[in-house]
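Undergrad: Structure below; questions to follow.
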Amino acid sequence: MNNEFLEMVKPPEEVHGEKPSDSNSDDILSELPLVDPDCDPEHPRKVNFSDISSAAFNIKTGIQRTPCNRSSQLSQMFNMDLYFKKEYLQVTGSFKERGARYALSKLTKDEKQKGVIAASAGNHALALSYHGLLLNVPVTVVMPVFAPLMKITMCRSYGATVVLKGDNIQKAKEYAMRHGIEKGLKYVNGYDAPDILAGQGTIGLEILEQVTCCVPDVDAILVPVGGGGLIAGVAVAVKTLKPEVQIIGVEAETCPSLTEALKEKKPIPTKVKSSLADGLAVPTVGGNALATALGLIDKTLTVCEECIALSILRLIELEKAVVEGGGAVGLAAIISGKLLELQGKRVVSILTGGNIDTTVLGRTIERGLAVDGRLIKLEVVVSDRPGGNAGSVPFKNRKASPFLSPSSCQTRPMDNCSTIVIKIAACKEIPSHKNSLSVTSAKR
Ligand SMILES: Cc1ncc(COP(=O)(O)O)c(C=O)c1O
């Protein structure tokens, strides 16, 4: 990357919760109708197989062809031939790079010079920033004010201008669209722009190439769903080549926007609650995504927070894979026991992203262990005199082995000064027979 470009994209003055330009421009711009010409729900555009083939050809360089490997332990645990398409191994940690790179490569010369703008608190922002840097396109990302510091820092490190605006993604989006109109920057919708859908669809082509070398072929592909761009692209690619492969959309229980939209055959605003799968929290699916996917999705289902936590834990322990909540919902669906019909079948779950905050990861592991019945927390009161706690430690002859990190074993003196309280967190080994039913019966 040349310095000139870095100079060019350096934020002139970064704005935290304030607009970056003069104070009247918001008022003037708020009069303008907010319609993204690429994503007009009144005139949805369908993506077809040739769009996805062009995208695949176009993004051959710059995008990782991620592995799609069989998991022997999880296949055995759930009685199916289970493969993982490992998109968390893209440079910025998610599949969003595919669509972002393709959308940037399709810009006209003038659009490339002026640059693009997007609203995203996460993976789309990272992907667009990184490929903007590689392709010499100035990128502005508008993030809600609560966006994780790590993601803000990473986008800036790729040379993007980061604007923090609004206390939710909808407000950030409105601001980004207005600011884009004002500055002549093309707005790139991360889940509904036709080029984004086409780019994401290339995962479907790769899965068929990578797993179809075996007989029988893939029976089902589990696709995490947020705004619907990924499932729309994958469904077109896969159903065109192999209509018998089932496409199953998995949503967080906290945001069932595709399930609702499929019932009504139109995008319906859905109430969103906070979730471990924050990347999937899109209240209304995209109009192009829905129009493209209609008739191509065999089933959608939702997963609860406990199943997502357990899925993240299983992926760390058994696959050595750090996957974010949104990326782990496919395995969560298997864990939930809602896909028992896939037993004995060949199933691919797309692990779409790995961008999980380290603090959230720590809490999620604990939560997963608790759901799994493996985390025991207890307080013991013992004498604070020499030899006073002999025989009191509750792990004598234990099956459980305590993990004695400072956060999980703390002491506190009692008021009488002669006794102390020991707080202990202990962890049991992973039960080898554990399957889906344990979670559903224990928690649901
Ligand atoms: C990790 C992850 N998985 C899946 C999705 C869903 O993609 P889409 O919005 O195209 O449905 C997202 C969306 O941002 C995501 O971040």
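Undergrad: Would you mention how many residues in region 41-84 are among the small types (G, A, S), closer than 18 Å to V211 by Cα and touching a helix residue (DSSP H, G or I) at 6+ places or on another chain (Cβ under 7 Å)?
TA: Residues flagged as among the small types (G, A, S), closer than 18 Å to V211 by Cα and touching a helix residue (DSSP H, G or I) at 6+ places or on another chain (Cβ under 7 Å) within region 41-84 amount to 2.
Undergrad: Just the residues that are in contact (Cβ under 8 Å) with a residue 40 or more places away in the chain, in a loop (DSSP other than H, G, I, E, B) and within 24 Å of the chain's Cα centre (by Cα), please, taken from region 47-62.
TA: Scanning region 47-62 gives V47, I59, G62.
Undergrad: (1) under 21 Å from the mean Cα position of the chain (by Cα); (2) touching a residue at least 60 places away in the same chain (Cβ under 8 Å): which one isn't true of I308, the others all being true?
TA: (2)
Undergrad: For residues that are more than 13 Å from the ligand (Cβ to nearest atom) and not in a helix (DSSP H, G or I), tally how many sit in region 238-255.
TA: Residues meeting the conditions: 8.
Undergrad: Yes or no: G368 part of a loop (DSSP other than H, G, I, E, B), touching a residue at least 40 places away in the same chain (Cβ under 8 Å) and either of a type outside the set (V, I, T) or in contact with a strand residue (DSSP E or B) (Cβ under 9 Å, 6 or more places away or on another chain) (or both)?
TA: So G368 does not fit the description; no.
Undergrad: Sticking with this one: Here are the criteria: (1) part of a strand (DSSP E or B); (2) within 16 Å of the ligand (Cβ to nearest atom). Tell me which single one Q170 does not satisfy.
TA: Going through (1) part of a strand (DSSP E or B); (2) within 16 Å of the ligand (Cβ to nearest atom) one by one, Q170 breaks only (1).
Undergrad: If only one of K299, K273, K265 is touching a residue at least 12 places away in the same chain (Cβ under 8 Å), more than 15 Å from the ligand (Cβ to nearest atom), under 24 Å from V35 (Cα atoms) and assigned by the TED database to the domain that holds V323, which one is it?
TA: Of K299, K273, K265, the one residue that is touching a residue at least 12 places away in the same chain (Cβ under 8 Å), more than 15 Å from the ligand (Cβ to nearest atom), under 24 Å from V35 (Cα atoms) and assigned by the TED database to the domain that holds V323 is K265.
Undergrad: Filter region 211-237 for residues that are part of a helix (DSSP H, G or I) and at pLDDT below 95 and give the result.
TA: V211
Undergrad: Now for a separate question. Would you check if G190 is within 18 Å of A103 (Cβ to Cβ), in contact with a His (Cβ under 6 Å, 6 or more places away or on another chain) and not basic (K, R)?
TA: Yes, satisfied.
Undergrad: Then there is this: Quick one: which residue in G279, G286 is at pLDDT 95 or above and surrounded by 24 or more Cβ atoms within 10 Å (Cβ to Cβ)?
TA: Among G279, G286, only G286 is at pLDDT 95 or above and surrounded by 24 or more Cβ atoms within 10 Å (Cβ to Cβ).
Residue by residue, here is whether (1) in a helix (DSSP H, G or I); (2) outside the structural domain of S53 (by the TED database) holds:
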residue: S75; (1), (2): yes, no
residue: L107; (1), (2): no, yes
residue: A147; (1), (2): no, yes
residue: M154; (1), (2): yes, yes
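Undergrad: Just name the residue that is farthest from the ligand (Cβ to nearest atom) out of those in region 117-135 that are assigned to a helix (DSSP H, G or I) and of a type outside the set (A, V, I, L, M).
TA: Across region 117-135, the extreme among qualifying residues is G132.
Undergrad: Taking interchain pairs and intrachain pairs at least six residues apart, which have beta carbon atoms under 9 angstrom, with the first residue in region 320-345 and assigned by the TED database to the domain that holds R70 and farther than 19 Å from C304 by Cα and the second outside any loop (DSSP other than H, G, I, E, B) and among the charged types (D, E, K, R)?
TA: Within 9 Å, the pairs are A321/K86; G344/D81; K345/D81.
Undergrad: If the requirement is being free of Cβ contacts under 8 Å to residues at least 40 places away in the same chain, surrounded by fewer than 23 Cβ atoms within 10 Å (Cβ to Cβ) and more than 22 Å from the chain's Cα centre (by Cα), which of these qualifies: E209, E182, E174?
TA: Among E209, E182, E174, only E209 is free of Cβ contacts under 8 Å to residues at least 40 places away in the same chain, surrounded by fewer than 23 Cβ atoms within 10 Å (Cβ to Cβ) and more than 22 Å from the chain's Cα centre (by Cα).
Undergrad: Ok, one more. Filter region 227-237 for residues that are small (G, A, S) and away from the ligand (no atom under 11 Å from the Cβ); which is nearest to K173 (Cα to Cα)?
TA: Residue satisfying both the conditions and the ranking: A235.
The values are calculated or read from the model by the stated rules, or taken from the named source; none is laboratory data. Since we're looking at a predicted model, the values are computed, not measured. Virtual Cβ from ideal backbone geometry, glycine too; neighbours counted across all protein chains shown.
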